[in-house]
1. Angle between the Cα long axis of helix 290-300 and the longest principal axis of the chain, 0 to 90 degrees, nearest 10?
2. Using only Cα atoms, tell me the angle between helix 69-80 and the longest principal axis of the chain; keep it within 0 to 90° and round to the nearest 10.
3. As a check on your grasp of the helix formula, calculate [θ] at 222 nm for the chain: sum -39500 (n - 2.57) over DSSP H runs of n ≥ 4, divide by the residue count, round to the nearest 500.
4. How many nm separate the modelled label positions at residue 407 and residue 305, each set 7 Å beyond the Cα in the direction of the Cβ?
5. Nearest 10 degrees is fine. How inclined is helix 214-226 to the longest principal axis of the chain, computing both from alpha carbons?
6. Which value in nm describes the separation of the simple spin-label points at residue 2 and residue 313, placed 7 Å from the Cα toward the beta carbon?
7. Can you give the extra length, in nm with one decimal, that the chain gains between residue 184 and residue 238 once fully stretched, where that is 0.36 nm per residue apart less the Cα-Cα distance?
8. Subtracting the Cα-Cα distance from 0.36 nm times the residue separation, let me have the gained length for residue 108 to residue 262 in nm, one decimal.
């Protein structure tokens with residue numbers, strides 16, 4: 001299936017975004033560890049969160065988390081400390097996403113985990129039991145989800161956990177988010193330089209409300225940037241957010257979008273770019289904004305150099321290669337180097353007459369390219385259903401904003 005998009009001349013709308021799946025999934029793990037059933041308000045309806053809810057509701061022993069990478073990492077750690085015998089698997093793509101660094105770390109803390117198939121990849125067989133814990137060193141350049149998975153279960157280890165992060169750290173805000181949420185449930189950790197100390201303890205059973213998703217907001221920033229005259233209100237987004245992607249407001253200032261914080265949330269307004277110099281941003285802590293920013297800049301004709309993208313190769317797809325391929329269909333030659341840098345110096349190529357954007361089973365590919373319909377009327381996007389992973393109502397929201405969407 002594919003869809004064709006016709007964008008309005010501009011948009012003026014109010015959109016209630018989905019809640020943050022990053023916060024939702026952490027909250028679900030911590031609540032499960034607390035042994036309580038306290039209310040979690042404003043949980044997301046996205047695939048990743050529904051997978052987590054179903055897993056905790058069904059209780060195993062066999063878990064299929066489909067394409068949910070967060071669930072694979074968080075549940076692997078959770079099951080390692082939960083008495084019983086478990087298996088966990090996912091889609092074919094998930095079974096080609098490496099997990100050996102997390103498994104090795106858990107094994108060093110006392111976990112009993114075996115690979116059912118290829119060494120280093122899901123599916124896994126886990127014999128859950130009380131973990132020893134203690135002292136662990138882990139490369140800070142790995143996925144922050146590995147680190148968060150270990151931190152959340154650490155209070156339930158015999159010796160707690162002293163975690164030393166070595167090398168260059170990526171996605172630091174996600175680690176800070178985890179520690180802040182642990183504190184909400186009663187576990188206060190110490191984070192000094194590159195060492196995090198988690199004491200042994202028990203999470204309190206407390207209610208929690210999840211805020212809206214700044215990553216989802218990024219696509220509305222893109223639309224406002226590409227469509228002069230546009231203005232969008234997004235409720236329940238806050239300046240003092242635990243989400244690292246809240247920096248999208250700062251980044252899009254350079255791309256002609258003004259952000260006003262109000263008691264309700266944020267108001268976005270197109271004001272136009274005042275600068276055409278190459279945009280240089282280190283996205284080490286905001287890798288999920290890369291697709292949005294890369295596509296926006298090319299459509300605006302704004303050269304860029306984005307660094308800190310090393311984690312993009314192991315996401316739902318190789319996002320760097322996917323961006324290069326799909327932008328070439330639109331006539332833009334974007335390049336990468338060192339596996340962590342993407343840049344565009346204005347190079348162009350012949351665009352396809354009727355481009356069809358492939359989405360690679362990646363929700364962010366579909367949503368990052370949808371606003372391009374404001375510049376390429378009738379843009380076609382394949383497999384639009386992938387947005388269900390994080391933003392199931394995305395296409396309905398575009399229709400509400402005035403987009404005409406036709407299904408093929």
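Quick note: the coordinates plus some simple rules give every number you see, no bench work behind them. This is a predicted model, so every value here is computed, not measured. Quick reminder, even Gly has a Cβ in these numbers, built from the backbone with ideal geometry, and neighbours come from all protein chains shown.
1. It works out to around 10 degrees.
2. Once rounded, one gets 0 degrees.
3. My calculation for the chain gives -9000 deg cm²/dmol from helical runs alone.
4. 4.6
5. 10
6. If labels sit at residue 2 and residue 313, their model points lie 3.0 nm apart.
7. Between residue 184 and residue 238, full extension yields 17.6 nm more.
8. Difference between extended and current length: 50.7 nm.
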